[in-house]
1. Obtain the nm distance between the two label points defined at K125 and I93 by a simple spin-label model: each point lies 7 Å from its Cα along the Cα-to-C-beta direction.
2. Would you work out if region 47-115 is rounded, prolate or oblate? Take a ≥ b ≥ c from the square roots of the eigenvalues of the alpha-carbon gyration tensor; rounded if a/c is under 1.5, else prolate when a/b is larger than b/c, oblate otherwise.
3. Obtain the nm distance between the two label points defined at D105 and V29 by a simple spin-label model: each point lies 7 Å from its Cα along the Cα-to-C-beta direction.
4. May I ask you to list the residues of region 76-96 whose amide nitrogen lies under 20 Å from a point 7 Å from Cα along the Cα→beta-carbon direction of T52?
Amino acid sequence: MKLLGRLFLAGSMIALTACTKTGPQEIAVGKDQCDNCKMTITEPKYATELITEKGRLYKFDDIHCMEDYESSNPETTGNAKTYVADFPSGAFIESNTATLIKGGDIKSPMGGNTQAYKDKAAAEKAATELHATLLQ
């Protein structure tokens with residue numbers, strides 16, 4: 001009977017682990033704080049997230065804040081996954097797949113003045129309209 005209980009417990013733990021969300025989480029606008037500058041996140045289209053190898057989630061209000069945090073905490077962020085908000089949709093995408101534009105008329109919360117796009121053509125169009133520079 002003890003064996004059956006242990007098997008049930010082990011199976012339950014595996015099921016819970018499999019259901020745990022490992023990707024980016026929705027930003028609670030006006031409630032979540034940037035893990036770098038500690039300001040409240042108010043513009044989700046500029047938000048970013050970083051998830052460490054151990055699964056710890058960090059939220060940021062601007063791409064610049066995430067980059068600053070990464071450079072200040074290399075021991076924690078070395079193999080982390082990073083996500084940026086696709087500016088047109090607000091949905092998170094992996095940062096290594098995003099096309100970034102910077103400067104011009106873009107005004108982001110912490111002055112990074114960078115927007116991320118899932119679609120390169122949309123990024124190119126926005127860069128032209130906003131007098132911004134295409135980064136990737």
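1. If labels sit at K125 and I93, their model points lie 1.3 nm apart.
2. Note, shape of region 47-115 comes out prolate.
3. Distance between label points: 2.1 nm.
4. Backbone N within reach: 76-84, 95.
Only the coordinates and a few stated rules stand behind these numbers; no lab work does. None of the values given here were measured: they were computed from a predicted structure. Note: ideal-geometry Cβ built from the backbone for every residue, glycine included; neighbour counts use all protein chains shown.
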